[in-house]
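The values are calculated or read from the model by the stated rules, or taken from the named source; none is laboratory data. Because the structure is a prediction, the values reported are computed rather than measured. Counting neighbours? That spans all protein chains shown, and the Cβs are built from the backbone with ideal geometry, glycine included. Each accessible area value is taken on the protein alone, full model and side chains, heavy atoms only, with ligands, DNA and RNA left out. Shrake-Rupley method; radii C 1.70, N 1.55, O 1.52, S 1.80 Å.
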Amino acid sequence: KSSKREWKPLEDHSCTDVPWLLLFILFCIGMGFICGFSIATGAAARLLSGYDSYGNICGQKNVKVEGIVNSGLDLTHKKYVFFLDPCNIDLVHQKIKSIALCVSACPRKELKTLADIQKFAETNGSTLCSYELQPSEYTTDPRAAKLCPKYPVPESAPIPFFHRCAPVNISCYAKFAEALITFVSDSSVLHRLISGVMTSKEIIMGLCLLSLVLSMILMVIIRYISRVLVWILTILVILGSLGGTGVLWWLYAKQRMSAGALETQIAKDNLQALLIYAIAATIFTVILFLIMLIMRKRVALTIALFHVAGKVFIHLPLLVFQPFWTFFVLILFWTYWITVLLFLGTTGSPVPNEEGFVEFRMVGPLKYMWWYHVVGLIWISEFILACQQMTVAGAVVTYYFTREKRNLPFTPILASVNRLVCYHLGTVAKGSFIITLVKIPRMILMYIHTQLKGKENACARCMLKACICCLWCLEKCLTYLNQNAYTATAINSTNFCTSAKDAFVILVENALRVAAINTVGDFMLFLGKVLIVCSTGLAGIMLLNYQRDYTIWVLPLIIVCLFAFLVAHCFLSIYEMVVDVLFLCFAIDTKYNDGSPGREFYMDKVLMEFVENSKKSMKEAGRGGGAEGRELKPM
């Protein structure tokens with residue numbers, strides 16, 4: 001026993017995994033360098049102000065590009081990008097296949113002839129034809145057919161902040177819309193769906209708010225209904241397995257009795273299949289009953305943990321808002337990441353293409369910067385999610401290992417955030433990097449599978465899917481282990497590897513209890529999600545039904561149900577996280593304490609009752625036989 005390291009919850013705090021924090025900071029500096037490089041090379045100006053096909057940035061003076069005519073122009077008064085054929089979209093390369101020019105104003109009405117284009121140029125001073133043509137030559141020069149826009153020129157308006165002239169009528173992008181929305185064959189259907197969403201926007205917002213309120217209410221009351229949910233689930237599983245097995249045997253017996261001498265080969269095959277299914281269902285039912293018999297005592301622990309988790313949310317109400325802060329930080333980071341990605345799309349040196357126009361391309365090692373940027377997306381996103389897990393773990397650990405709840409910090413969540421920032425950012429960086437190492441190969445394999453769709457043989461497709469599935473399972477297992485490692489770090493202030501090893505040992509010692517919590521508990525939370533989605537959907541049907549005569553309410557209802565599921569998942573995943581942290585604390589508490597003086601339990605009264613009941617069951621079973629007594633031993 002002396003060789004085992006004792007757990008000393010919340011006794012001291014020290015910095016953990018500092019080298020990994022330094023590595024993460026260096027990586028973030030590299031991300032900042034990519035952003036600074038793209039801005040310094042003019043990518044930000046080209047993205048925001050726009051540029052023409054000759055490499056000129058609109059709204060400023062430009063430098064001459066060797067070998068390119070019409071480059072190096074002073075376009076100070078021409079601030080908008082205009083495409084001669086804005087509807088010619090290349091879906092493969094995701095760009096507009098048209099000459100781009102800088103103009104001083106977008107055409108605010110449709111121009112049907114060259115004369116209208118000439119009149120627009122003379123009236124507004126905005127030349128819509130190529131720079132080498134003067135407005136007076138629009139109707140006389142034979143080059144106008146190639147150097148002037150395709151007419152009729154659609155009415156357009158500048159896109160806010162990006163200075164591009166975009167057609168007001170989106171029917172111009174019909175091909176693009178068909179590629180994105182393959183199920184819409186009639187454009188009027190799309191218009192009716194969109195109008196239905198716009199007409200019902202107040203109802204949609206109200207229903208989304210309802211799903212938010214229902215999720216919060218469920219998190220509070222789930223501790224009171226957890227016992228009922230568990231027994232309802234148990235009864236449904238028993239009835240379902242028995243009913244399914246009975247129906248299969250009944251069908252087999254019925255077909256065998258009705259089979260005549262002239263039965264066909266198909267009938268024989270069906271009869272044999274029914275027999276196989278019935279035998280398989282019987283074996284499954286017997287195994288299921290044995291598992292439920294073994295785990296029946298451990299289900300009580302799941303109910304007790306759900307009850308205590310409800311108390312945690314009463315004492316730590318700020319936990320409810322944790323998904324909001326995480327989502328807000330993720331949105332900020334994703335906005336920054338997409339902005340820099342757009343910068344990278346216009347970064348590089350001007351290079352003439354085969355058509356004689358200018359493209360901006362990165363050469364040498366710099367062209368691989370976007371790979372670094374993609375890795376940054378995954379690592380930093382996982383880092384933000386891991387910070388949420390560590391914050392929740394720290395707050396719940398503080399609650400559990402504080403004997404007098406009156407002595408809790410004023411805001412345990414903020415105290416947990418403070419400990420995270422001061423001591424454990426390196427541990428979070430290391431844990432999130434491990435998840436990134438697994439996620440990147442899986443994404444690469446998924447990309448390869450998508451690109452080779454329809455080209456590879458069946459064996460290669462099966463191998464790819466198997467590898468993707470294995471990596472997904474490994475990622476889920478590591479995520480669960482990481483979360484428990486963060487809890488161990490919050491308790492003992494140890495580095496990531498030591499915490500992961502300690503947590504793994506505890507989980508292995510309580511493998512059956514872990515299985516019970518992760519099956520019964522997860523299914524209970526899934527039922528909660530279904531309850532919220534169904535309640536929100538029912539309210540949506542009742543409200544949207546009043547608009548059935550003048551709007552399509554199928555799409556608004558789908559949007560509301562998807563949002564309700566997303567909200568329920570975010571909130572109940574926090575609940576699941578709290579239950580997992582409580583279980584690890586409970587396992588540590590019962591392993592190193594026995595209730596004697598000097599080794600008192602930290603646990604809640606509900607968990608204490610569970611331990612006492614387990615001890616009574618162990619003593620009663622011990623009188624009946626040693627083997628059974630060992631089976632019912634609580635730890």
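Annotations for the structure displayed:
Conditions tested, residue by residue: (1) part of a loop (DSSP other than H, G, I, E, B); (2) modelled with pLDDT of 65 or more; (3) not polar (S, T, N, Q).
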| residue | (1), (2), (3) |
| --- | --- |
| D589 | no, yes, yes |
| F601 | yes, yes, yes |
| F610 | no, yes, yes |
| R623 | no, no, yes |
| M635 | yes, no, yes |
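- Flag set for Y151, criterion: farther than 21 Å from Y51 by Cα, modelled with pLDDT under 85 and either part of a loop (DSSP other than H, G, I, E, B) or open to solvent by less than 30 Å² (accessible area, probe 1.4 Å) (or both).
- Number of the condition not met by T41 [criteria: (1) open to solvent by less than 60 Å² (accessible area, probe 1.4 Å); (2) modelled with pLDDT of 80 or more; (3) of a type in the set (V, I, T)]: (2)
- Top-ranked residue in the range 435-486 [being β-branched (V, I, T) and more than 18 Å from the chain's Cα centre (by Cα); ranked as farthest from A500 (Cα to Cα)]: T450
- Scope the range 94-134; condition open to solvent by 70 Å² or more (accessible area, probe 1.4 Å) and at positive phi; matching residues: Q94
- Any hit, the range 336-350, residues being over 29 Å from A568 (Cα atoms), of a type in the set (S, T, N, Q), in contact with a Lys or Arg (Cβ under 7 Å, 6 or more places away or on another chain) and buried (at least 16 other Cβ atoms within 10 Å of the Cβ): yes
- Flag if C28 is surrounded by 13 or more Cβ atoms within 10 Å (Cβ to Cβ) and either on the phi > 0 side of the Ramachandran plot or part of a loop (DSSP other than H, G, I, E, B) (or both): no
- The number of residues in the range 503-526 that are of a type outside the set (V, I, T) and either under 22 Å from L385 (Cβ atoms) or open to solvent by 60 Å² or more (accessible area, probe 1.4 Å) (or both) comes to 11.
- Pick from the range 403-441, criterion in a helix (DSSP H, G or I) and among the charged types (D, E, K, R), ranking: modelled with the highest pLDDT: K430
- Of the residues examined, L566 is one that is open to solvent by 70 Å² or more (accessible area, probe 1.4 Å), part of a helix (DSSP H, G or I) and modelled with pLDDT of 70 or more.
- G426 being touching a Pro at 6+ places or on another chain (Cβ under 8 Å), in the same structural domain as Q389 (by the TED database) and within 29 Å of T498 (Cα to Cα): yes
- Check on I378, under 30 Å from I491 (Cβ atoms) and crowded, with 16+ Cβ neighbours inside 10 Å: yes
- Out of S416, S381, one residue alone is in contact with a Gly (Cβ under 8 Å, 6 or more places away or on another chain) and among the hydroxyl-bearing types (S, T, Y). It is S416.
- Restricting attention to the range 450-483, the residues that are within 19 Å of W20 (Cα to Cα) and open to solvent by less than 30 Å² (accessible area, probe 1.4 Å) add up to 2.
- Here K4 passes the criteria (1) more than 27 Å from S349 (Cα to Cα); (2) within 38 Å of the chain's Cα centre (by Cα); (3) open to solvent by 50 Å² or more (accessible area, probe 1.4 Å); (4) modelled with pLDDT under 85 except the one numbered (2).
- Residue within the range 72-91 that is under 26 Å from V375 (Cα atoms), at pLDDT 85 or above and surrounded by fewer than 15 Cβ atoms within 10 Å (Cβ to Cβ) present: no
- Any chance L366 is surrounded by fewer than 19 Cβ atoms within 10 Å (Cβ to Cβ), under 15 Å from V312 (Cα atoms) and of a type in the set (A, V, I, L, M): no
- One residue from E359, E382 being in contact (Cβ under 8 Å) with a residue 40 or more places away in the chain and either farther than 24 Å from L425 by Cβ or among the charged types (D, E, K, R) (or both): E382
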